[in-house]
Amino acid sequence: MTTLVVIYTLVLAGGAASLIKSPQKTKRAFMVAKKSLLKSMPSLLTVIGIVGLTLGILSPEIIESLLGAEAGFFATILAAVIGAITLIPSIVAFPLAGSLLRSGATVMTITAFITTLVMVGVVTFPLESKVFGKKFALLRNGLSFVGALIIAAIMGGVLS
């Protein structure tokens with residue numbers, strides 16, 4: 001809570017200083033910020049919707065049993081496979097991962113999901129194999145999957 005108070009105080013102080021120094025530039029900056037917020041509103045609502053649906057469908061008990069410590073390494077493999085298959089933007093994946101972590105998923109499982117989401121492309125494999133060749137695409141995706149599991153194990157060991 002203290003951090004939020006400090007951040008908001010700094011933002012208000014900076015805004016006041018900007019308004020005193022150049023009211024016109026400050027008003028233009030606020031207009032640009034408003035346009036940017038309105039432009040990103042569909043993405044933000046999508047994030048809130050997907051995270052809300054996921055957490056509404058899956059109770060914390062289910063999340064913990066599927067992705068928690070008691071599920072073991074199977075949960076990490078499951079999360080890695082789901083991450084490799086899905087094609088969702090990071091702006092959706094990170095809040096979803098944070099919510100899953102707060103609901104009982106392990107750091108290792110969430111790390112496997114995020115890293116395979118970014119590094120492995122099952123959905124984009126046909127295009128990648130067409131451009132770079134099937135052998136390269138298979139090798140890159142396979143090594144990326146293994147690398148993601150190694151990263152997940154390291155993060156699980158360091159942060160758990």
Output the relative contact order of region 1-129, whole-number percent, from Cα pairs under 8 angstrom with separation of 6+ residues.
-> 25 percent
Go through region 66-82 residue by residue and turn each phi into a ³J(HN,Hα) via Karplus (6.51, -1.76, 1.60, θ = phi - 60°); whole Hz please, and just put x for glycine and proline.
-> 7, 10, x, 4, 5, 6, x, 5, 4, 4, 5, 5, 4, 5, 5, 5, 4
In percent, what relative contact order does region 59-160 have, based on Cα pairs under 8 Å that are 6 or more apart in sequence?
-> 33 percent
Between the alpha-carbon centers of region 1-78 and region 99-160, tell me the distance in whole angstrom.
-> 24 Å
Direction-averaged shadow area of the convex hull around the Cα atoms of the chain, nm²?
-> 13.2 nm²
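FYI, it's all coordinate maths here, none of it is from the lab. Fair warning: this is a prediction, and the values are worked out from it, not measured in the lab.
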